[in-house]
Amino acid sequence: MTSSFSFGHQGYCDICERAVSFDAKFAWFRDHLLCSGCGSIPRERALMAVLRRYFPKYKSLAIHESSPGDRGVSAKLARECKRYTYSHFFPGTALGAQHDERNERCESLEALTFPDRSFDLVITQDVVEHLLDPDAAFREISRVLKPGGAHVFTAPLVNKEKPTVRRAERDDSGNISFLQEPQYHGNPIDERGALVTFDWGYDILSFIRDSSSMATHMITIDDLDRGIQAEYIEVLVSFKG
């Protein structure tokens, strides 16, 4: 893939915590406006900005991240937070067990194996649009959060003010039925990608409330000097009361 587009801007990265340049070779900033220091993209920097604002003592908190990447916020939390843990979902591996080859914990957000009230924060980055049973996932996230804890996450709210659309579902036999043309996003552990199951809209806030009783804030940041400017980079924070 080639492009004649070129963009650069000097600014400050909330992940690197220093002056950097933000550069893009493609006009779709959400995936291509990269930090020269950590290689992060806008939604990652937005999530970090929200963590620093809402949870200034995040480094001392018990944090679990589902399906982290290998750069940006995930790398920073793994490096700087002593109580940070993470997991991926590996089909065929028992939940709560270590994957044989990758030696990483297997967890499903729909059926977490952690005890109640395990974490101060649960973090997911562009994960909830791939869930087949988000009702169960939001309930489980609420269960493993301590009172006053929060789920901090990003998701492409592509439908915006329009109603959320389900793209795929699991039938009674456990097979996946496609309700829309199959669409896949990048997957950090599977080159085949991750199936998109929901085109979420802003009504995700009421969906979370109805599923888990958690109240959700949606934060939108538009600040090019911090490299936070693109489509679909809202950060959502669901608080457990």
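Read the figures in this text as sums done on the coordinates, not as results from a lab. No experiment lies behind these values; they were computed from the predicted model shown. Glycine also receives a Cβ, built like all others from the backbone with ideal geometry; neighbour counts cover every protein chain displayed.
What to note about this one:
- FRET efficiency, 1/(1 + (r/R0)^6) with R0 30 Å, evaluated for T113 and K57 via beta carbons: 0.65
- Between I41, I204, I219, the residue with the greatest mean-square fluctuation in the GNM of the chain (Cα pairs under 10 Å linked by springs) is I219.
- Estimated 222 nm signal from helices in the chain, with DSSP H stretches of n ≥ 4 weighted -39500 (n - 2.57), rounded to 500: -5500 deg cm²/dmol
- Over the stretch 107-228, the alpha carbon radius of gyration divided by the compact-protein estimate 2.2 N^0.38 Å works out to 1.11.
- Amide proton proximity set for I228, modelled H, under 5 Å, gap of 5+: D223
- In this simple spin-label model, placing a label point 7 Å from the Cα along the Cα-to-Cβ direction at both D172 and R209 gives a separation of 3.4 nm.
- Once the Cα gyration tensor of the stretch 121-172 is diagonalised, semi-axes √(5λ) in Å: 22, 15, 9
- The trypsin sites (Lys or Arg not before Pro) found in the stretch 161-204 that occupy coil by DSSP, while having at most 13 further C-beta atoms within 10 Å, are R192.
- The stretch 61-212: antiparallel DSSP beta bridges as a percent of all, rounded to 5: 35 percent
- Whole-Hz ³J(HN,Hα) from phi, Karplus 6.51 cos²θ - 1.76 cosθ + 1.60, for the stretch 39-54, glycine and proline x: x, 6, 10, x, 5, 5, 5, 5, 4, 5, 4, 5, 4, 5, 7, 7
- Sequence-ordered 3J(HN,Hα) estimates for the stretch 7-16 from the Karplus curve with 6.51, -1.76 and 1.60 and θ = phi - 60° stand at 9, x, 8, 7, x, 10, 9, 5, 8, 6 Hz, glycine and proline given as x.
- If R0 equals 41 Å, the separation of the Cβ atoms of N159 and Y12 corresponds to a calculated FRET efficiency of about 0.80.
- Dipole magnitude of the chain about its Cα centre (Cβ charges: Lys, Arg +1; Asp, Glu -1), debye to nearest 20: 980 debye
- With K and R counted +1 and D and E -1, the other residues having a Cβ less than 11 Å from that of Y202 yield a net charge of -1.
- Cβ-Cβ FRET estimate between D190 and R143, R0 fixed at 25 Å, reported to 0.05: 0.40
- ³J(HN,Hα), Karplus 6.51/-1.76/1.60, whole Hz, each residue of the stretch 33-38, x for Gly, Pro: 8, 9, 7, 5, x, 10
- Gyration tensor over alpha-carbon atoms, the chain, equivalent ellipsoid semi-axes in Å: 27, 22, 19
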